[in-house]
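Structure, as structure tokens:
Just so it is clear, none of the values below were taken in a lab; they were calculated from the coordinates. No experiment lies behind these values; they were computed from the predicted model shown. Reconstructed Cβ throughout: ideal geometry from the backbone, glycine too, with neighbour counts over all protein chains shown.
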Amino acid sequence: MNAPEHFDQDRDSLVDALLREELGGERPPDLRARILARSPFSARAKVTSIASYIAVAAATVAMVVAVWALLGGLYPRPRITGPYQLASAGGFGRGAEVKTQEQAATLALGGYVALQLDPHSDLRVEGAPHAEEVYLAEGQVHCAVTPQAGEFEVLTAVATVHVTGTEFIVRVFEEKGVEKMFAKRTFVRVLAGTVVVSGLWGSASFGAGQEGTVPPPATTKATVRTPAATAHAATATTPTEGKLTGILLRKEAGKTNGYIVVRAEGDSEAKTYLPLWQGGAAEQGGGADAAMLETIKKIPLGNLVEMEWKSDEHLRVVSLRAIVPAAITGTVEGVVMGKEANSIDVKPANGPTERYTARWIATPGADKPGMGSMDKEMIAKIATLKKGDTVRISWGYSERKRLVELTKLASAPETTATPATPAAPRK
């Protein structure tokens, strides 16, 4: 049967049914299913109905997720993978003590801290959201922290390692022959970034590629007897606050935390200073001094700075300002105290050591502003210098002092090795 004949038959059946109903005959058959089945709009209606249900369900899920996020439900729970043992009751979570045997375990805290707990180690998970913390009782942990995502500290029996974004290793080990309180010592190796390590023995900062063991052997016995009032001083005479002038070497300033690294005049090593902490804990709205973070952002690296500092759990910067020269050009003669690839530190006969950086040379005819490179000729001259050489510098100031001319006046004095004293003959 072709299509026209089929439609005619359906029409005649419908008319016959209507006549039967009107004349009082039998109840007409229900033709709705057959009519809808032949309608070209039926499939589209089904699809539209399904799409409406999906849209409503998606909106409901989105609303639930938004409310959950506002309530803090999206903050990741502590997670652990690999073989481990729990030394504490209950499952793994905040407050759990984890021990490893022959293999390492991996921990994730807050979505921004990744830890590898080496074999034969003992660690307890502490802290709070956005202020993660672990206590390393034994063994070694490798830490990687995403910058500006939250606070993180590693505590041991003799030290606290504070970071805001870096990669480092902490190991706790026994050392025989020292007093009981400091029988355990802490080794720190920094792979990237900067950490501040503090304890009853004092404090120290470590940059990328640096490592050390605390407390220092020379102060171990003395710091055991340090009164609680001077808990963060290495000795009773170590100052807890002061002023200094130095070169701003490194810095970081995020929304909630930051630091500066300054080498003070007369010091061979640089130190790390954190802004003062304001308010309560991080989860209660506390954070680094916002005004100081803005100041840190505005001061370019390499400048001579004047600052006030204090010791409050860590070395803290209280005030900070760049020492801007009165003139924008000048000449100086002095001794090279240190250098990097594109800068040198020079101390004149009168005055503090300052850093002089190679200029930025714009590319002639460049289509885009800012195209160019550091002064390659000046960088080549810097490469030939050694610590102790005497130089004359012509400089110009633009954000920092920049090298215009550099002349070597004299080489560093030759150092003569003192001959060793012959050992006395054995009797």
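What FRET efficiency comes out for the pair THR146/GLN278, r = Cβ-Cβ distance, R0 = 22 Å, nearest 0.05?
Efficiency, from the Cβ-Cβ distance: 0.45.
For the range 130-166, state which GluC sites (Glu not before Pro) are in a DSSP loop and have at most 14 other beta carbons lying within 10 Å of their beta carbon.
Sites meeting the loop and neighbour criteria: none at all.
If you consider only alpha-carbon coordinates, what radius of gyration and Dmax does the range 235-368 have, in Å?
Taking only Cα atoms of the range 235-368, I get Rg and Dmax of 17.5, 63 Å.
Please give the length that would be gained between THR81 and SER268 if that part of the chain were fully extended, namely 0.36 nm times their separation in residues minus their C-alpha to C-alpha distance (nm, one decimal).
Taking THR81 through SER268 to full extension adds about 63.0 nm, to one decimal.
Could you work out the local net charge near VAL125, counting Lys and Arg as +1, Asp and Glu as -1, over the other residues with Cβ closer than 9 Å to its Cβ?
Summing Lys/Arg as +1 and Asp/Glu as -1 gives -2.
Please work out how much length the chain gains when fully extended from HIS120 to LYS408, using 0.36 nm per residue of separation minus the C-alpha to C-alpha distance, in nm with one decimal.
Going from the current span to full extension adds 98.1 nm.
Subtract the Cα-Cα distance of GLN103 and GLN210 from 0.36 nm times their separation in residues, and report this length gain in nm to one decimal.
That works out to 35.8 nm of additional length.
What is the distance, in nm, between label points placed 7 Å from the Cα along the Cα-to-Cβ direction at THR240 and at ARG359?
Modelled inter-label distance: 5.0 nm.
Pop a pseudo-label 7 angstrom from the Cα along the beta-carbon direction at both ALA291 and GLU377 and give the gap in nm to one decimal.
4.7 nm
Write out the GluC sites (Glu not before Pro) in the range 309-350 meeting two conditions: DSSP loop, and at most 16 other Cβ atoms within 10 Å of their Cβ.
Sparse-neighbourhood loop GluC sites (Glu not before Pro): GLU313.
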